[in-house]
Amino acid sequence: MDAHTVIEEWEVSPFDGGFEGIDSLRSRGFSGAVEADGTWLFLEDGDPLAVRADIDEAPREGDIDAFEDGSGRTHEAPHPATAALAAMLTVDGDVRGQYFSDETPLSTVHETLSEGGFTGYVELSKNVLSGDYFVVYEDGKASYLGYLGPSGRLLTGEEAQSKAEGEVGIYDVVAVRLPAVELPEPAPEPNETAVVGAEGDETADTDEELETADTEAEAVEGSSDEHEAETTVGGEPTDDESEDTEVVEDDVDATDGQSADEGDSEPETAEIAETADADADDDDEEPTHAVPSVDPENSGDGTEEDTPPVVESGTESAVDAETRAEFDSDVASERETAVESGPEAGRHERAAGTDTDEAETESDKTEAETESDKTEAETDDEVETESEPSSNEAELEALREEFEAELSSLRSKVDALRSERDRLQQRIAELETGDAEEGSGAVSLSSMEAFEGTNLFIREDSRGDATLENAHDGSVDPEALAENLRIEYHTRFESEDATVEGTPFDSFLRSSIPYAFVEWLVTDLLFEIQSTGTEGSMRHLYDALPEIDRVGFDETIRVGDGQEGREVDFDIVARDRMGDPLVVANIDESRDPTRGESMGPLVTDASDVCEEHETLAAAFAVTSSFFEPDALSTAREATSGSLLSREKYRSYVKLARKNGFHLCLVESREESFHLTVPEL
């Protein structure tokens, strides 16, 4: 079974959403495939599995860009596991082993694969008449699927598991590694609410900073008046005081710049700073400096009424030694508090204009900036160093998955060897106890050996009751013929205790498709021709059916003489009492459609046999699936004859004026057979 067969029954819908449409499918847990311009994206429960192209002819890896602004179709899977199976069937998997379910049950392999985290599938389809069964594994998790009969009816879950574990046949263990799929993220739509929220958060942070700065300013100013906004010092400044004045003015400018960057949340503070600068310009004699308040309640509107009294620098009582000592002590406490509070507190402390910040020189600032640059460089190095372990972890993860897959393969091989060991030990025990199959007459055969050594014989219980000749004349009904007619088999081996791949021979033979076809050929086809009134147009086949005496499987017929002769093989050859061939047939038991290339050899071989044996009346092509259009065209070309011919026989390959055979195409459906060509 291929991916096309799995997908053809899925529900199809139009798709034109591009990557946004794919994102919508993922959000609702879509399982199936998206098709666009010959490229297929497989998804399971919204997760991308693989991107493949040309899945009908030569599957290969596809390009995800084919879905960008592309349109196509969605194929929705009836079960998530079928989507995974279809994706895996488009990839060339690694067959890890082939086992016979009667010797190595599915449950045994399932235990090994699930424990090993196996990814792939198990296909049970060879020598299985009821359908195809799959166990899909994804990291050891198994999902059971079954496709029953020619219609391919889907089974899932416990029902599929029970059915698969009860079947006898050959299954393959196939490991699959699906390529990783990276889907581009769709462009997000702008969100105004988020922007407003961010501004609100920034305003809240600004208010919090102002409150913190207010607290620090109160601690520095001590018992000074609550509404004091600035302090002006007059008099002739000393050298130290001049340096202080320059530093404080720089700090004021920095504070004003910081307030402007933070937005419009502190307009009143900016107004006070402007008022302080205006006062400084008005004083022509004495240099002054202003420190704006960081408390919004103390900011005022910048008028002269809110300006605090000025203290001249020459007055000793304004700044005495004791006051300065207390002020220095408060500043030291503020420094410790700033260190403990982190970088945010330090920033507000600088905004409050502490004594220590005013004393910093330009060289100190340069060293601080250098240290900051070093810190940023070290941080970048740390980020690069942290990215290296991530890459190493990815490589280690890939190696781990590879080792786990190899371990799973080795475990499967070990299980196969153990099963073979147990079988050989049982064989040795049987030989030692005298109960070996050779001693008891039991025979174990393959299906090919069983068919090659078997012939069927068409017999009646009584010649006085309904016979094929009576049915040909139209004097008996199907029920009467079925009661008197029997099909016997003769084998070239002891069939009583013989087994075919673990199944008793009699059960194997009577449940096989070749046996069922012979039964339909000699009991049902005669009456189908009669009921449709086509005895004349199907004359050669209709007259040959009562003459069938025995049927052989996998037989060879030699045509031609000497070195120019050759041997042609057929799955079924029906002969008369003299051993001349009457009907030949080839049977295709696979679930894949029968194509035109398989019809050509059948027509050629049957024509060669008919030229040697004019008794050949018909050649049949039997399929368990259906015939592709090119197969029907091949049959039509072989039976059309010349343009001016008026052939009175249906689907007739005419070789000479009085020699030819009917070419018939038959489909097997639900354990019954339907004549597709010719249409009766």
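General remarks:
- Looking only at residues in segment 44-66 that are among the acidic types (Asp, Glu) and under 20 Å from residue 17 (Cβ atoms), the one that is farthest from the chain's Cα centre (by Cα) is 65.
- Screening segment 1-59 for strands (runs of 3 or more DSSP E) wholly inside it with 1 or more residues that are over 15 Å from residue 73 (Cβ atoms) returns the ranges 39-44, 47-53.
- Residue within segment 534-545 that is more than 18 Å from residue 664 (Cα to Cα) and not in a strand (DSSP E or B) present: no
- Any chance residue 499 is β-branched (Val, Ile, Thr) and under 24 Å from residue 588 (Cα atoms): yes
- Members of segment 60-72 found to be surrounded by fewer than 18 Cβ atoms within 10 Å (Cβ to Cβ) and either modelled with pLDDT of 90 or more or assigned to a loop (DSSP other than H, G, I, E, B) (or both), listed by number: 63, 68, 69, 71
- Residue that is nearest to residue 482 (Cα to Cα), among those in segment 516-531 that are surrounded by fewer than 20 Cβ atoms within 10 Å (Cβ to Cβ) and touching a Leu at 6+ places or on another chain (Cβ under 7 Å): 523
- Residue selection: residue 534 satisfies the criterion of being open to solvent by less than 40 Å² (accessible area, probe 1.4 Å) and touching a residue at least 60 places away in the same chain (Cβ under 8 Å).
- Residue identified as over 22 Å from residue 146 (Cβ atoms) and not polar (S, T, N, Q) among 85, 43: 43
- Qualifying positions in segment 564-598 - among the aliphatic types (A, V, I, L, M) and either under 25 Å from residue 146 (Cα atoms) or in contact (Cβ under 8 Å) with a residue 40 or more places away in the chain (or both): 568, 572, 574, 583, 585, 587
- Some residue of segment 29-45 being touching a helix residue (DSSP H, G or I) at 6+ places or on another chain (Cβ under 8 Å) and open to solvent by 40 Å² or more (accessible area, probe 1.4 Å): yes
The values are calculated or read from the model by the stated rules, or taken from the named source; none is laboratory data. Computed from a predicted structure; not experimentally measured. Cβ sites come from the backbone with ideal geometry, for glycine too, and all protein chains shown count toward neighbours. Only protein heavy atoms, including side chains, enter the accessible area calculation; ligands, DNA and RNA are left aside. Shrake-Rupley method; radii C 1.70, N 1.55, O 1.52, S 1.80 Å.
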